[in-house]
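Beneath this line is the structure, given in C-alpha cells, with notes to follow.
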Amino acid sequence: EAQVTQNPRYLITVTGKKLTVTCSQNMNHEYMSWYRQDPGLGLRQIYYSMNVEVTDKGDVPEGYKVSRKEKRNFPLILESPSPNQTSLYFCASGLGNQPQHFGDGTRLSIL
Amino acid sequence: AQRVTQPEKLLSVFKGAPVELKCNYSYSGSPELFWYVQYSRQRLQLLLRHISRESIKGFTADLNKGETSFHLKKPFAQEEDSAMYYCALHSHPGTASKLTFGTGTRLQVTL
C-alpha cells in the first residue's frame, strides 16, 4: 500500500531537548515536504526536498532542520525545541514538485 | 510574496444544493493552483490541480487570472463531500519551489 509514515504520532517534551520526527514514503517519490498546521493559520511549509541531498526552505524554516540522505526518508529535526513549535506536523511526498500523499500527522507539545 | 485567501471558515449547504468554495490568490508570476481535501479521520489528499482541468468527485475548479481566483465548484452537494478543503498555490521563485496553503474552509453538507 502506497503511504507516507510519520513517527511518532504524538510527543510531549520539554524546551531544549532535541527531537526528530521521522518521515518515510514507499512510492519512490522525489518530492518530499514538511508542514505545520496551526489554528487560524492553515498549513505552512517548513522545508521541502526535490531529491536526495537537495533541500530548501519553505515559509517557516526557523528552528528546524531536515536531511535527505535517501529518497524514502525525510526527517524533521528540532535541535532546541521551544513552546512556539507546539503544533501539528505533516509530512508529504509526491511526483513532480507538489505533495500528493500526506502522513497522518505528528502532534508535538513542547513544554 | 504569494498569498492564498479562503474567506470562509465554514460553508454549510443542504444536500443537492450547489457548492462554491472560494479561493483567491496573489502572486506576480504564473501560478499553479491546487485543491486539497481532508475528510474526517482521513489524511489530507490532493483533490485536483488546475493544469489538469479535470473533474474529481464532481468537483471542478477554473483558474481565473483576471480575478486571481480558483474557486471550487460542484453542482449538487452530497453528504460525503463534508470535509475540510484547502486551496494551495505553487510558486517558483528562481529555482525554488514553494507551496502556500490557504487557511481552509470546512464544508458541511446537511440533509
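Derivation of every value follows stated rules applied to the coordinates shown; laboratory data play no part. All figures in this text were calculated on a predicted structure; none of them were measured in a lab. Quick reminder, even Gly has a Cβ in these numbers, built from the backbone with ideal geometry, and neighbours come from all protein chains shown.
Determine which member of the set B:PHE34, B:PHE76 is in contact (Cβ under 8 Å) with a residue 12 or more places away in the chain and not in a strand (DSSP E or B).
Selected residue: B:PHE76, the only one of B:PHE34, B:PHE76 that is in contact (Cβ under 8 Å) with a residue 12 or more places away in the chain and not in a strand (DSSP E or B).
Kindly indicate which of B:LEU107, B:LEU72, B:LEU63, B:LEU48 is out of contact with any Lys or Arg (no Cβ under 7 Å at 6 or more places or on another chain) and within 14 Å of chain A (Cβ to nearest Cβ).
After ruling out the rest, the residue left standing is B:LEU48.
Would you pick out the residues in region A:89-111 that are within 12 Å of A:ILE12 (Cα to Cα) and either aromatic (Phe, Trp, Tyr) or not in a loop (DSSP other than H, G, I, E, B) (or both)?
A:THR106, A:ARG107, A:LEU108, A:SER109, A:ILE110
Can you go through A:MET27, A:MET50, A:MET32 and tell me which one is touching a residue at least 24 places away in the same chain (Cβ under 8 Å), more than 9 Å from chain B (Cβ to nearest Cβ), touching a Ser or Thr at 6+ places or on another chain (Cβ under 8 Å) and not in a loop (DSSP other than H, G, I, E, B)?
Result of the check over A:MET27, A:MET50, A:MET32: A:MET32.
Can you pull out every residue in region A:59-103 that is under 11 Å from the mean Cα position of the chain (by Cα) and within 14 Å of another protein chain (Cβ to nearest Cβ)?
A:PRO61, A:LEU88, A:TYR89, A:PHE90, A:CYS91, A:ALA92, A:SER93, A:PHE102, A:GLY103
Conditions: (1) within 22 Å of A:VAL14 (Cβ to Cβ); (2) free of Cβ contacts under 8 Å to residues at least 24 places away in the same chain; (3) among the β-branched types (Val, Ile, Thr). A:ILE77 meets all but one. Number of the miss?
(2)
Return only the number of the condition from (1) on the phi < 0 side of the Ramachandran plot; (2) more than 11 Å from the chain's Cα centre (by Cα); (3) within 14 Å of another protein chain (Cβ to nearest Cβ); (4) surrounded by 15 or more Cβ atoms within 10 Å (Cβ to Cβ) that A:GLY42 does not satisfy.
(1)
Only one residue in A:LEU19, A:LEU78 is crowded, with 19+ Cβ neighbours inside 10 Å and more than 26 Å from B:GLY104 (Cα to Cα), so which one is that?
A:LEU78
Within region A:55-88, can you find the residues that are part of a loop (DSSP other than H, G, I, E, B) and of a type in the set (Lys, Arg)?
A:ARG68, A:LYS69, A:LYS71, A:ARG72
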